[in-house]
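The values are calculated or read from the model by the stated rules, or taken from the named source; none is laboratory data. Bear in mind the structure is a predicted one, so any value in this text is a computation, not a measurement. We place every Cβ from the backbone using ideal geometry, glycine too, and count neighbours over all the protein chains shown. Heavy atoms of the whole protein, side chains included, go into the accessibility calculation; ligands, DNA and RNA do not. Shrake-Rupley method; radii C 1.70, N 1.55, O 1.52, S 1.80 Å.
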Amino acid sequence: HSNQADRPFAALVGYVLPHCPFVAPAELFDYYYDRVPIPEIEPHQPPTVQRYRAHRRILEPPLPAERIRVALASYYALCDYSDQLIGQVLDAVDKNGLSEDTLVIYASDHGEMAGAHGCWWKSCYYEGSAGIPLIMRQPGVIPEGTVSDAVCNLMDLGPTMIDVAGAQPLPNIDGRSMKSLLDGRPNEDWVDETFSELVDFQSGG
């Protein structure tokens, strides 16, 4: 219907990757195998980090270097493979002439320690776990290569998409629209704060 043509659309593409188990395409695994850096583990770690590693049975004995290399090569390969899959979506947006009118957002629900500090998976407050990628693309609106140091949260995505679509903001929400940040200009009213929540495990509990 012609009256539907001007309505904004929303599409969600959910990828499991990169995620455990780290099983990657062989050619990508082979490419990264000799290229991944093996993280060094500091000799004195906070008790919380030691407990984290002990609970996951990667404190004593530590993981062999070869196992770390295999895991990292697989993880990097999965990141590469995910990038290729996302590229297919962007190509489809471009080929359908939707690039300039479509805000594309890439985000994740959590990070991956990938061996940093001797930790794997998530569930800690190191940046590798608590920090996530947030990449946005809209040619003609967001300058290419722009990097913002504004502190934000996943809760801000909903208000941002609603704002970009020109809809009325939702009432009683904690998130903030990032629309004013997308053009790379500083926003003096933006508050650089966020929060992260973790239910920690207790040994024997």
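Within the range 146-155, the only residue that satisfies the criterion of being more than 10 Å from A107 (Cβ to Cβ) and in a helix (DSSP H, G or I) is M155.
Of the residues contained in the range 33-52, none is found to be closer than 30 Å to K179 by Cβ, open to solvent by 60 Å² or more (accessible area, probe 1.4 Å), in contact with a helix residue (DSSP H, G or I) (Cβ under 8 Å, 6 or more places away or on another chain) and not aliphatic (A, V, I, L, M). Checked against (1) within 25 Å of L12 (Cβ to Cβ); (2) in contact (Cβ under 8 Å) with a residue 60 or more places away in the chain, Y125 meets all criteria but (1). All of D101, D156 fail the test of being without any contact (Cβ under 8 Å) to a residue 60 or more places away in the chain and open to solvent by 40 Å² or more (accessible area, probe 1.4 Å), apart from D101. When the residues of the range 112-145 are filtered to those that are touching a strand residue (DSSP E or B) at 6+ places or on another chain (Cβ under 9 Å) and part of a loop (DSSP other than H, G, I, E, B), the one that is nearest to L63 (Cα to Cα) is I132. Within the range 3-32, the set of residues being outside any loop (DSSP other than H, G, I, E, B) and either among the hydrophobic types (A, V, I, L, M, F, W, C) or surrounded by 13 or more Cβ atoms within 10 Å (Cβ to Cβ) (or both) comprises A26, L28, F29, Y31, Y32. Give the range 53-75 a look and list any residue that's open to solvent by less than 60 Å² (accessible area, probe 1.4 Å) and in a loop (DSSP other than H, G, I, E, B), or say none. Passing the criteria: R56, I58, L59.
Of everything listed in (1) in contact (Cβ under 8 Å) with a residue 60 or more places away in the chain; (2) surrounded by fewer than 17 Cβ atoms within 10 Å (Cβ to Cβ); (3) in contact with a Gly (Cβ under 9 Å, 6 or more places away or on another chain), the single unmet condition for E112 is (2). Considering the range 64-95 alone, what residues qualify as being within 16 Å of the chain's Cα centre (by Cα) and among the hydroxyl-bearing types (S, T, Y)? Result: Y75, Y76, Y81, S82.
When the range 159-185 is filtered for residues that are of a type in the set (G, A, S), open to solvent by less than 60 Å² (accessible area, probe 1.4 Å) and assigned to a loop (DSSP other than H, G, I, E, B), the ones remaining, listed by number, are A165, A167, G175, S177, G184.
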